[in-house]
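Here is the structure we will look at, set down as structure tokens.
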């Protein structure tokens, strides 16, 4: 019976993936045929497309955008003058993309006041931590994410520890459980969680799951929402992958969020698959990190989830029925200041990048960074190198064993420039490091989902928690220092390569925004 189900599941999965790939190839081949067929029509089309590419280049140069993106597109159009301009238009000017952006903007506008459903900690922060008030003001007054007291934090330095704590918290759920993940894969980790979700759904707890279709493209069957529905679990699939050339397919939901009754929330780098808890070994030991918040700040994550749910399901939500403090005050004691934040690629505001830049720019003594990828633009390079040149101890840990060779080679192309400026770069020798954390000066830290790469910083939906004077700040620092002995420090000599590899890495950096 199990074997028959397994074969059926594989056939469904294979069938869907093959159709999508074939349809994409048909589109690309059709465009190429019309251009190179040699007919009078194709010659006319070639002239028109070449002129179109010229106009597109002028538009790109004048556009307010990241310089690296401009350079990448201009080079592509110069290399492929016939297709480059057309591809840019196909990827960037589509009705569906604009409609989605407007709809999400309206959802965020309608729900922004709800983030302030209870008193925030801004006045107290202004009195007690004025040195970082610019960071707090940016997130609260511009981006719309309040800073909270009455919140405790607990840093979880591995997927195994996150799973252990998460399972216990899920069992305590009384009203609702919300999960939003980039990757969910059937196995030991997800099956343990799913058993609790099924039980809670039977008890009358509202259980909702959002997963990203691209992240789970080869991991879950197309009808998985129906399977979850049969357990009493509501499910939404973010941005279902369609066989059409569209920029929307670049915008993925890379968040990892769990919310329990609006009182407890988790985020961080850990997805729901077995490699994240080292049950399945893919790239050596998997090092990751997560954060649990309890108290008022969990409300922000509740709203982030509900915004995405409304966007995916296209239904109007009554957000305030999920507010946990209607009948009683939050009794969680203060644990410093906690400010959850989210980032969207549809609003032209790079919240995650700005959080990182402000931590670097405000650092006086040190900044310690975990990131699985290090593919950054000039503004981030300048911030890191200026901090190091100014006497700040800047240390970055990346993986030694890669999950994507090209990405890893691109990451290594940035080492030389950073090391020359005084930045200390390490690689996690035991395997793959997937955590995304910053900690600075024993006072400030952030734990979230945003990698130091173009895709995370500018193209994905992301989230994180900024903290000041919280217990988790020193937990993040301690984890970093305890991990460091298991890392290899990279020297300039290690960065030495032959002429061909150096040239290859420089070419990779040109196309880094597409990675």
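How big is segment 240-392 by the Kirkwood estimate over distinct Cα pairs, in Å? Working shown, then result.
Working: mean 1/r = 0.0531 Å⁻¹.
With all distinct Cα pairs of segment 240-392 included, I get 18.8 Å.
Would you mind computing, in nm to one decimal, how far apart the modelled labels at residue 390 and residue 100 are, each placed 7 Å from Cα along Cα→Cβ?
3.8 nm
So if each residue of separation counts as 0.36 nm, and I subtract the Cα-Cα distance between residue 142 and residue 482, what length gain in nm does that give?
On the way: separation 340, 0.36 × 340 = 122.40 nm, distance 3.65 nm.
Gain on extension, residue 142 to residue 482, equals 118.7 nm.
Rounded to the nearest 0.05, what FRET efficiency do residue 231 and residue 110 have when you use their Cβ-Cβ distance and R0 = 35 Å? Intermediate values should be presented prior to the final figure.
On the way: r = 31 Å, r/R0 = 0.89.
For R0 = 35 Å, the calculated efficiency reads 0.65.
With r defined as the distance between the Cβ atoms of residue 499 and residue 364 and R0 fixed at 56 Å, what FRET efficiency is calculated, to the nearest 0.05? Numbers along the way, then the final one.
Numbers: r = 41 Å, r/R0 = 0.73.
Efficiency, rounded to the nearest 0.05: 0.85.
Taking the Cα centroid of segment 395-419 and of segment 445-515, what is the distance between the two, rounded to the nearest whole Å?
Their Cα centres are 8 Å away from one another.
For segment 425-490, what is the relative contact order in percent, using Cα pairs closer than 8 Å and at least 6 residues apart in sequence? Mind showing how you got there, number by number?
On the way: 80 pairs, mean separation 29.2, N = 66.
Relative contact order comes out at 44 percent.
Which value in Å is the Kirkwood Rh of segment 351-514 over different Cα pairs?
The answer is 15.9 Å.
The numbers here are math on the coordinates, done by the rules we state, and not lab data. Since the structure is predicted, the reported quantities are computational estimates derived from the model, not experimental observations. Methodologically, a virtual Cβ is constructed for each residue, glycine included, from the backbone with ideal geometry; neighbour enumeration extends over all protein chains shown.
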